[in-house]
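Just below is one structure, and these are the notes that go with it.
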Amino acid sequence: MSKHWIFIVVAACFEIGWVIGLKHASTIMEWGLTVVAILASFVLLIAATARLPVATAYAVFVGLGTAGTVIAETLLFGEPFELVKALLIGLLLTGVIGLKLVTPGEKPKPEKGVS
Amino acid sequence: MAWVYVIVAGLLEMFGLAMMNRFKLEKKLLPLVLLVIGFSASFFLLSLAMETLPMGTVYAVWTGIGAFGGAAIGMFVYGEPKTASRIFFIFLILGSVIALKAVS
């Protein structure tokens with residue numbers, strides 16, 4: 001697995017982090033971390049998609065981000081789990097990922113050497 | 001009101017992404033400033049929306065509007081192919097957002 005796929009996973013973790021921050025941050029420190037997480041997820045995503053197939057990488061990223069925020073709010077913050085809501089979010093995610101995968105996209109730059 | 005915030009946040013995200021693409025091409029200050037303003041406003045509205053709505057729902061809808069908008073702009077402004085599969089997924093996003101609003 002290329003290290004750029006690891007970037008995607010770490011970017012998605014930062015993405016979940018800033019979403020939690022936007023909802024739950026209350027101190028200057030927490031808001032600061034939220035801003036750092038936003039920037040980190042952007043930078044990592046852009047760095048990774050420069051080398052990976054953009055549509056596939058984005059689909060994995062957004063899938064992890066969406067599932068992660070729903071799991072986090074249910075497990076960590078006691079938001080009640082509603083099956084209908086979860087299914088609709090899954091359907092929405094199918095639309096987003098499907099759209100990315102069928103869209104003729106930019107070709108990634110070839111990997112330099114073996115990573 | 002929270003749903004209005006999410007939708008406007010999604011539109012601002014699309015605007016921010018458009019400015020990011022312009023900045024990549026032109027490397028000028030104006031698109032950079034507009035992209036920072038667009039994303040900052042988008043995140044601010046997201047946090048307002050999350051005061052009443054669950055964050056998983058808000059995030060999914062925000063992402064959906066970004067993908068929906070990107071595809072719509074691609075097809076109608078940049079002449080990308082209007083294939084049946086793209087239109088199907090666009091309506092899938094739209095339908096699930098409307099249904100999510102209905103059950104919230």
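Here, each number is a calculation from the coordinates, and none is a lab measurement. Every value quoted in this text rests on a predicted model; they were computed, and no experiment measured them. Cβ atoms come from the backbone with ideal geometry, glycine included; neighbour counts cover every protein chain shown.
Tabulated results
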| item | result |
| --- | --- |
| For B:GLY56, net neighbour charge (Lys/Arg +1, Asp/Glu -1) across residues whose Cβ lies under 9 Å away | -1 |
| Calculated diffusion of region A:1-108, Stokes-Einstein form, Kirkwood radius summed over Cα pairs, 25 °C and 0.890 mPa s, µm²/s | 166 µm²/s |
| Top of A:ALA72, A:ALA86, A:ALA40 by mean-square fluctuation, Gaussian network on chain A, Cα under 10 Å | A:ALA86 |
| Rounded to whole Å, sorted largest first: equivalent-ellipsoid semi-axes of the protein assembly as shown, Cα gyration tensor | 25, 21, 19 |
| Rg/Rh ratio calculated on Cα atoms of chain B (Kirkwood radius) | 1.02 |
| Pairwise centroid distance, computed over Cα atoms, of region B:1-43 with region B:47-70, Å | 15 Å |
| Per-residue Cβ neighbour rank within 10 angstrom, fewest leading, A:ILE38, B:ILE93 | A:ILE38, B:ILE93 |
| Difference of contour (0.36 nm per residue) and Cα-Cα distance, B:LEU94 to B:ASN21 | 23.8 nm |
| Most fluctuating residue given options B:LEU25, B:LEU94, B:LEU17, as computed from a GNM of chain B linking Cα atoms under 10 Å | B:LEU25 |
| Simple spin-label estimate for A:TRP31 and B:PHE76 in nanometres, 7 Å along Cα-Cβ | 3.6 nm |
